[in-house]
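**Student:** Sharing a structure here in structure tokens format.
Taken together, the values in this text are just the output of simple stated rules run on the coordinates, not laboratory data. Quantities reported herein were computed from a predicted structural model and do not represent experimental measurements. Here the Cβ positions follow ideal geometry from the backbone for every residue, glycine too, while neighbour counts run over all protein chains shown.
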Amino acid sequence: MGGSYGGFVVLAALTEYPELWAAGVDVVGIANFITFLENTGDWRRELREAEYGSLERDREFLESISPINNIGAIEAPLFVLHGANDPRVPVGEAEQIVERAREQDVPVRKLIFDDEGHGLSKLENRIEAYREIVEFLDEHV
């Protein structure tokens, strides 16, 4: 389980080392570095490209490290949580990984909070999220 960079790490671990995991919980993680950079705010793109790589110069590398491009390797159930108003990692990252996982017949659960951004700040949402995470893990681990 992880959030933001940790959410990406969950997806990367599930796709790169699928035999090691019984389940994964991705909270506001990057699934596809190409769409992440294309859809993040212009004010953030330059900073993120300095960190991850440029869409123009490093596209092949960005594709190679994007978990969505290795989705067929996932063997473990996946739970994806995201805020609909996330200014850092657009909610489309959650939506596309869930869609592609379902296409691969991966057991997947999605929980999008309409009143959250990058992470879960509201107590009632955290309670709901953690309750559902526990249920998910009880079911699959």
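**Student:** Tell me yes or no: at least one residue of the stretch 121-139 is within 23 Å of Tyr52 (Cα to Cα) and either surrounded by 15 or more Cβ atoms within 10 Å (Cβ to Cβ) or in contact (Cβ under 8 Å) with a residue 40 or more places away in the chain (or both). If you could, list the steps in order and put the result at the bottom.
**Tutor:** Going through the stretch 121-139, the residues within 23 Å of Tyr52 (Cα to Cα) turn out to be none.
No.
**Student:** Given the residues Glu99, Glu93, which is the only one that is within 29 Å of Glu128 (Cα to Cα), under 14 Å from the mean Cα position of the chain (by Cα) and free of Cβ contacts under 8 Å to residues at least 12 places away in the same chain?
**Tutor:** Working: Glu93 fails: free of Cβ contacts under 8 Å to residues at least 12 places away in the same chain.
Only one candidate passes the filter, namely Glu99.
**Student:** The conditions are (1) out of contact with any Lys or Arg (no Cβ under 9 Å at 6 or more places or on another chain); (2) in contact (Cβ under 8 Å) with a residue 24 or more places away in the chain; (3) crowded, with 19+ Cβ neighbours inside 10 Å, and Arg59 fails exactly one of them. Which is it?
**Tutor:** Among (1) out of contact with any Lys or Arg (no Cβ under 9 Å at 6 or more places or on another chain); (2) in contact (Cβ under 8 Å) with a residue 24 or more places away in the chain; (3) crowded, with 19+ Cβ neighbours inside 10 Å, the lone unmet condition for Arg59 is (3).
**Student:** How about the stretch 1-56: which of its residues are under 20 Å from Val91 (Cβ atoms), among the charged types (D, E, K, R) and touching a residue at least 24 places away in the same chain (Cβ under 8 Å)?
**Tutor:** Hits for the stretch 1-56 are Asp26, Arg44.
**Student:** For the stretch 1-43, what are the residues that are surrounded by fewer than 14 Cβ atoms within 10 Å (Cβ to Cβ), within 17 Å of Gly119 (Cα to Cα) and touching a helix residue (DSSP H, G or I) at 6+ places or on another chain (Cβ under 9 Å)?
**Tutor:** Across the stretch 1-43, there are no qualifying residues.
**Student:** Checking Glu75 against (1) farther than 30 Å from Val141 by Cα; (2) charged (D, E, K, R); (3) touching a Leu at 6+ places or on another chain (Cβ under 9 Å): exactly one of these is not met. Which one?
**Tutor:** Glu75 satisfies every listed condition except (1).
**Student:** What residue, among those in the stretch 63-88 that are small (Gly, Ala, Ser) and more than 14 Å from the chain's Cα centre (by Cα), is surrounded by the most Cβ atoms within 10 Å (Cβ to Cβ)? Break it down stepwise before answering.
**Tutor:** Looking only at the stretch 63-88, we keep the residues that are small (Gly, Ala, Ser), and these are 64, 66, 72-73, 76, 83-84.
Checking the rest, the ones that are also more than 14 Å from the chain's Cα centre (by Cα) come to 64, 72-73, 76.
Numbers: Ser64: 11, Gly72: 13, Ala73: 14, Ala76: 18.
Filtering the stretch 63-88 for residues that are small (Gly, Ala, Ser) and more than 14 Å from the chain's Cα centre (by Cα), the one surrounded by the most Cβ atoms within 10 Å (Cβ to Cβ) comes out as Ala76.
**Student:** Could you check the stretch 50-109 and list, in sequence order, the residues that are of a type in the set (A, V, I, L, M), assigned to a helix (DSSP H, G or I) and closer than 12 Å to Val28 by Cβ?
**Tutor:** Kept after step one, since they are of a type in the set (A, V, I, L, M), are these residues of the stretch 50-109: 50, 55, 62, 65, 68, 71, 73-74, 76, 78, 80-81, 84, 89, 91, 94, 97-98, 101, 106, 108.
Add one more test, that the residue is assigned to a helix (DSSP H, G or I), and what stays is 50, 62, 68, 71, 73, 94, 97-98, 101.
Answer for the stretch 50-109, where residues must be of a type in the set (A, V, I, L, M), assigned to a helix (DSSP H, G or I) and closer than 12 Å to Val28 by Cβ: Ala94, Ile97.
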